[in-house]
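Heads up, the thing below is written out as C-alpha cells.
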Amino acid sequence: MEKLILFVKTYKPDFNRVNKLMASIKLHNVENIPVVISVNDDDFDFFNDKFKSSFKVIKDSDIISTTITDPWRYQQIIKANVYRLDICKNYLCIDSDSEFIRDFFYTDFMFDDDTPYTIMHESKGFLESMENIKKDSENIFFKEALRATRPMFGNHGKEWDYGPSPYLWSAKVWEHFNNDFLKESKISFEGFFNEIDKITPPSECVIYGEYLLKTRLIDILPVEGFFKVYHYKEQYDLVKNLHDINKLKKNYLGVIFQSNWMVENSSSESLFSKLLKPFRGKS
C-alpha cells in the first residue's frame, strides 16, 4: 500500500485543464509519487487512451456509486471515498484547474512515513483580501460550511479553514467517518451531505477537518495551503501587477486560477496558460 498518492478527479469537459496539470506533474514529480486519475465512467476510454502510458486511470464506479448527479456534489462524494480502493494510506486530492510550479517531494506532504500534514489555519490573509474586494469575510463559503457541519460533530472553537485545494487527507479518517460515525448515526454519506445542504452547500474538506478535530485519529500537524489559489477574478485583479511565479515558488508548490472565472479564448489557451507560459520548465 502506498503511503501517499496524487489523486485527480476529472471529466472530459476539463480535459484541456487536466492535461496541463498532468504535464506539470510529469515535470515536477521528482520522487515519482504515484498518480491516480478517476473519471466519469463514460469518459474512461477517452482518458485511458490519453494517459495510460504515464498514469493510472480508473472509473469513478471503481470507488463508489452515488445517486447524487449534481456535478459539484458528485465529485465531492468520489473524492471522499478514495479509501475504498485500499491502495494508499494518504492522498493529495488535486483539482483539474491546478498546476504545479516547482518540484515537490514526499516531505512536502508527509511529516513522517505515517503522518500527513493537516491543512488547518485561520486564513486571515485570504479573509482580508475578501474584504478588499467587498465580500463579507464573516460569511465566506468555508465559514458557512463550517457552521453548518460543526454541530453534527459537537466541535467548538476557532473557525478553521481546512483548504484551499489541493486537499491532503488520511484514508484512515475517511474510512472511520464512514464505518464508525455514519453507521452509529444510522445515516448514509449522501444523507449526511443532504443535511448540510439544507443550510449551505457542503464542503468535503470541512467534513474531513472537523471529523479529524473530533476524533484525533492522526496527529494534527497544521499547515497552510500548498497552492496559491485565486478564487475570484477580483481577488487576482488586486495583485496582478505583482504576480510573479518565481516569487510564488518560494512559498507555494502550485497555482490555481479557479475555472469558474477563467475564460478560454479561441485557441483554447486560458489566461492561466498565458500567465504561466514564461515560467514553465523553470525550477
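Determine if region 117-132 includes at least one residue that is of a type in the set (Lys, Arg), over 21 Å from Val223 (Cα atoms) and loosely packed, with under 15 Cβ neighbours inside 10 Å. No, because not a single residue in region 117-132 is of a type in the set (Lys, Arg), over 21 Å from Val223 (Cα atoms) and loosely packed, with under 15 Cβ neighbours inside 10 Å.
Within region 166-176, restricting attention to residues that are in contact with a helix residue (DSSP H, G or I) (Cβ under 8 Å, 6 or more places away or on another chain) and of a type outside the set (A, V, I, L, M, F, W, C), the residue that is farthest from Cys93 (Cα to Cα) is His176. The residues listed here are Ser96, Ser38; of these, the one that is part of a loop (DSSP other than H, G, I, E, B), buried (at least 20 other Cβ atoms within 10 Å of the Cβ) and in contact with a helix residue (DSSP H, G or I) (Cβ under 8 Å, 6 or more places away or on another chain) is Ser96. When every residue of region 15-31 is checked against the conditions, at least one turns out to be among the hydroxyl-bearing types (Ser, Thr, Tyr), surrounded by 14 or more Cβ atoms within 10 Å (Cβ to Cβ) and under 24 Å from Leu248 (Cβ atoms).
The set of residues from region 227-244 being out of contact with any strand residue (DSSP E or B) (no Cβ under 7 Å at 6 or more places or on another chain) and crowded, with 19+ Cβ neighbours inside 10 Å comprises His231, Gln235. Out of all the residues in region 238-249, which are part of a helix (DSSP H, G or I), in contact (Cβ under 8 Å) with a residue 24 or more places away in the chain and over 11 Å from Arg102 (Cα atoms)? Listed by number, the list holds a single entry, Leu238.
Just one of the listed residues (Lys89, Lys59) is basic (Lys, Arg), over 24 Å from Leu253 (Cα atoms) and either in contact (Cβ under 8 Å) with a residue 24 or more places away in the chain or in contact with a strand residue (DSSP E or B) (Cβ under 8 Å, 6 or more places away or on another chain) (or both), and it is Lys59. All conditions but one from (1) part of a helix (DSSP H, G or I); (2) at pLDDT 95 or above apply to Trp72; the one that does not is (2). Applying the criterion of being touching a residue at least 24 places away in the same chain (Cβ under 8 Å) and part of a helix (DSSP H, G or I) to the residues of region 43-56, the residue that is farthest from Pro13 (Cα to Cα) is Phe51. When you scan region 27-40, do you find a residue that is touching a Gly at 6+ places or on another chain (Cβ under 8 Å) and either at pLDDT below 95 or not β-branched (Val, Ile, Thr) (or both), even just one? Looking through region 27-40, at least one residue is touching a Gly at 6+ places or on another chain (Cβ under 8 Å) and either at pLDDT below 95 or not β-branched (Val, Ile, Thr) (or both).
Yes/no matrix, rows are residues, columns are (1) under 26 Å from Ile77 (Cβ atoms); (2) hydroxyl-bearing (Ser, Thr, Tyr):
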| site | (1), (2) |
| --- | --- |
| Met120 | yes, no |
| Phe153 | yes, no |
| Gly157 | no, no |
| Ser188 | yes, yes |
| Thr200 | yes, yes |
| Gly209 | yes, no |
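Here the condition is being of a type in the set (D, E, K, R) and buried (at least 21 other Cβ atoms within 10 Å of the Cβ); of Lys79, Lys52, it holds for Lys79 alone. Without any contact (Cβ under 8 Å) to a residue 40 or more places away in the chain and assigned to a helix (DSSP H, G or I): is that true of Phe181 in this structure? Yes.
I'd like the residue in region 135-152 that is touching a residue at least 12 places away in the same chain (Cβ under 8 Å) and among the charged types (D, E, K, R) and, out of all such residues, is surrounded by the fewest Cβ atoms within 10 Å (Cβ to Cβ).
Going through region 135-152, the residues touching a residue at least 12 places away in the same chain (Cβ under 8 Å) turn out to be 135, 140-150, 152.
In the following step, the residues that additionally are among the charged types (D, E, K, R) were identified as 135, 143-144, 147, 150.
Values: Lys135: 17, Lys143: 19, Glu144: 16, Arg147: 14, Arg150: 19.
The residue in question is Arg147.
For region 197-213, a residue qualifies if it is of a type in the set (Asp, Glu) and touching a Leu at 6+ places or on another chain (Cβ under 9 Å), and exactly one does: Glu210. The residue that is nearest to His121 (Cα to Cα), counting only those in region 204-236 that are assigned to a helix (DSSP H, G or I), touching a residue at least 60 places away in the same chain (Cβ under 8 Å) and of a type in the set (Val, Ile, Thr), is Val206. Looking across region 229-258, the residues that are at pLDDT below 90 and hydroxyl-bearing (Ser, Thr, Tyr) come down to Tyr230, Tyr232, Tyr236.
The values are calculated or read from the model by the stated rules, or taken from the named source; none is laboratory data. All values reported here derive from a predicted model rather than from experimental measurement. We place every Cβ from the backbone using ideal geometry, glycine too, and count neighbours over all the protein chains shown.
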